[in-house]
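See below for the structure under consideration.
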Amino acid sequence: MVSAAASAGTWKLGDDLEVNRIGYGAMRLTGNGMRGNSDGTPVDRDAAVDLLHSAFEQGVNHIDTAAFYFSPLRSANEIINRALSSWHGDVVVVTKVGPTRDPSGEWLYTVRPDQLRGQVEENLRQLGRDHLDVANLRVGGPGTASIAEHFGALAELRDAGLVRHLGLSAVLPEQVAEAQTIAPVACVQNSYGLDWRRADDSGLVDLCGEQGIAFVPFFAVSGLRREAAAGQEQDARVQSVARAHNATPAQVRLAWTLHRGPHVLAVPGTRNPAHLAENIAAGALRLTEEELALLDEPDESIARALALGPDPSDRP
């Protein structure tokens, strides 16, 4: 029997880690994005572990996380560690290194190549593992700066056995090409969704497909809201398609993202068990050509917002 998370099919990270295309993003696991809970109440650890177990039971075998996903008293990596320690199935854990947060929560945007080993080791400690399945180098920021030194440092850690596969986050096509000359790239994470398609404009989504690289959007559901809590759907096109399928707007947004190619994965995050089930079920939603054409029509209000705002890929 095909699990709910496998209803959209599978893809391989690298040459050996086959995952269901519907995964789980841990950013919201400790609170509202990376800002903690608005009321200061720590997330219930047992409830968070139960949520992850529910995801695994529904076929999720791919988790996206980072050591900087924490709020007061809670760490996403440590919750994942606890959940995996009492789960007997295989789960691929993908994390990120590069620009990070210090223990007080302040962002550290400048990270030297020689500091990446410490970040990898911190992820290993928090996750309770002897190697990372996939480590993504976060880049971000404007321009086309070389990532050779940083990606080369990660490649050395891969050769040392601390990391199995390497990926990239918040990058340009030129940086993917540069990284590929150093070591294979298993996945690319960029901000991408119905409201934000710069990865289409740059050709990055198609480039990844052509090279067998998994493309893993972040903010695929929240779009321009980024880390903000979910709000009422404002896009009439999404509302119309959702009504036609008796689906939620979030499911429509996820289905639209997944239709871009078999190499596109989804890692929606939530702390709500009902929303978790809905997100996973989105893998079975098939949109018609007419509905895809409707959703692909340009939205002038979104275009104006994008013209004024920064690229969300700069600081995921």
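Every read-out reported here was derived from the displayed coordinates using simple, explicitly stated rules and does not represent laboratory data. Fair warning: this is a prediction, and the values are worked out from it, not measured in the lab. Neighbour counts run over all protein chains shown; Cβ positions are idealised from the backbone, glycine included.
Can you give the relative contact order of the chain as a percent, counting alpha carbon pairs under 8 Å and 6+ residues apart?
About 20 percent, as a whole number.
With springs only between Cα atoms under 10 Å, which of 249, 103, 268 fluctuates most in a Gaussian network model of the chain?
Result for the chain, Cα springs under 10 Å: 103 fluctuates most.
Which one of 147, 194, 134 is farthest out on the positive end of the charge dipole of segment 107-197, using unit charges on Cβ (Lys, Arg +1; Asp, Glu -1) and the Cα centre as origin?
Value computed over the given set: 194.
Of all GluC sites (Glu not before Pro) in segment 76-145, which ones are in loop regions per DSSP and have a Cβ with at most 16 other Cβ atoms within 10 Å?
106
Whole-Hz Karplus ³J(HN,Hα) for segment 207-219, in order, using 6.51 cos²θ - 1.76 cosθ + 1.60 and θ = phi - 60°, x for Gly and Pro?
Once rounded to whole Hz, the list reads 4, 4, x, 5, 9, x, 9, 5, 9, 10, x, 10, 6.
At 222 nm, what helix-only mean residue ellipticity would the chain give, in deg cm²/dmol to the nearest 500, using -39500 (n - 2.57) for each DSSP H run of four or more?
Taking each H run of at least 4 residues, the total per residue is -10000 deg cm²/dmol.
Using the per-residue mean of other Cβ atoms lying within 10 Å as a proxy for protection, in what order, highest first, do the peptides 69-75, 278-284 fall?
278-284, 69-75
Springs between alpha-carbon atoms under 10 Å, Gaussian network over the chain: tell me which of 85, 104, 202 tops the mean-square fluctuations.
Of 85, 104, 202, the Gaussian network model singles out 104 as fluctuating most.
Highest first, please rank the peptides 54-60, 179-185 by the mean number of other Cβ atoms sitting within 10 Å of their residues.
Output ranking for 54-60, 179-185: 54-60, 179-185.
Quick one: net charge of residue 264's neighbours, Cβ under 11 Å, K/R +1, D/E -1?
Summing Lys/Arg as +1 and Asp/Glu as -1 gives +1.
D for the chain, whole µm²/s, Stokes-Einstein with Kirkwood Rh over alpha-carbon pairs at 4 °C and 1.567 mPa s: what number?
Value of D from the Cα-based Kirkwood radius: 66 µm²/s.
Report, by chain and number, residues whose modeled amide H sits under 5 Å from the one on residue 168, excluding near sequence neighbours (fewer than 5 apart, same chain).
Amide H neighbours of residue 168: 137, 187, 188, 189.
Running a GNM on the chain with Cα contacts under 10 Å, which residue among 168, 137, 17 ends up with the highest mean-square fluctuation?
Looking only at 168, 137, 17, the biggest GNM fluctuation is shown by 17.
Specify which residue in the list 181, 10, 236 is farthest towards the positive end of the charge dipole of the chain, using unit charges on the beta carbon of Lys, Arg (+1) and Asp, Glu (-1), about the Cα centre.
After comparing all options, I get 236.
Taking the Cα centre of the chain as origin, work out the dipole magnitude from +1 charges on Lys and Arg Cβ and -1 charges on Asp and Glu Cβ, in debye rounded to 20.
Result for the chain is approximately 600 debye, rounded to the nearest 20.
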